[in-house]
1. Pairs under 9 Å by beta carbon, first residue touching a residue at least 24 places away in the same chain (Cβ under 8 Å) and under 15 Å from L21 (Cβ atoms) in the stretch 82-107, partner open to solvent by 70 Å² or more (accessible area, probe 1.4 Å) and hydroxyl-bearing (S, T, Y), six or more apart or different chains?
2. Restricting to the stretch 46-105, give me the number of residues that are open to solvent by less than 40 Å² (accessible area, probe 1.4 Å), among the acidic types (D, E) and touching a Lys or Arg at 6+ places or on another chain (Cβ under 6 Å).
3. Could we say that V58 is farther than 23 Å from F6 by Cα, touching a Ser or Thr at 6+ places or on another chain (Cβ under 6 Å) and in contact (Cβ under 8 Å) with a residue 40 or more places away in the chain here?
Amino acid sequence: MSEEGFVKAASLSELEEDTPLRVELGGVPVSLVRTEGEVFAINDICSHANVSLSEGEVDECSIECWLHGSRFDLRTGKPSGLPATRPVPVYPVKIEGDDVLVSVTQES
């Protein structure tokens with residue numbers, strides 16, 4: 001582990017624009033998303049149904065749960081549509097060279 005709990009989650013070159021990548025960090029499922037010039041890390045499990053968000057579609061800084069269509073803001077984790085009403089955790093991301101570092105010990 002590096003400073004403040006940041007660990008390497010992936011390489012920037014592994015992340016395709018608007019295509020979520022599921023990784024597991026310290027037992028925590030995380031969806032990494034590169035969109036609009038930034039990289040976001042959001043908990044990979046939908047707060048409404050126990051399904052992987054990384055299988056959903058990314059659009060304008062949000063990710064859609066493929067099962068029931070709830071959308072979550074990649075910056076805040078807040079849902080923007082039913083049936084989900086609870087946010088999912090988002091995690092701080094740092095880019096160092098080609099490394100994407102995420103801290104799952106700090107929810108933002």
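The values are calculated or read from the model by the stated rules, or taken from the named source; none is laboratory data. Every value quoted in this text rests on a predicted model; they were computed, and no experiment measured them. Heads up, the Cβs are rebuilt from the backbone with ideal geometry, glycines too, and the neighbour counts pull from every protein chain shown. These area figures cover heavy atoms from the full protein model, side chains too; ligands, DNA and RNA do not enter into them. Shrake-Rupley method; radii C 1.70, N 1.55, O 1.52, S 1.80 Å.
1. Y91/T105; Y91/S108; D98/S13
2. Total meeting the criteria: 0.
3. Working: farther than 23 Å from F6 by Cα: yes; touching a Ser or Thr at 6+ places or on another chain (Cβ under 6 Å): yes; in contact (Cβ under 8 Å) with a residue 40 or more places away in the chain: yes.
So V58 passes the test.
For (1) assigned to a loop (DSSP other than H, G, I, E, B); (2) in contact with a strand residue (DSSP E or B) (Cβ under 9 Å, 6 or more places away or on another chain); (3) closer than 20 Å to L15 by Cα; (4) of a type in the set (K, R), each residue gets a yes or a no:
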{"residue": "A41", "(1), (2), (3), (4)": "no, yes, yes, no"}
{"residue": "H48", "(1), (2), (3), (4)": "yes, yes, no, no"}
{"residue": "H68", "(1), (2), (3), (4)": "yes, no, no, no"}
{"residue": "F72", "(1), (2), (3), (4)": "no, yes, yes, no"}
{"residue": "V88", "(1), (2), (3), (4)": "yes, yes, no, no"}
{"residue": "K94", "(1), (2), (3), (4)": "no, yes, yes, yes"}
{"residue": "V100", "(1), (2), (3), (4)": "no, yes, yes, no"}
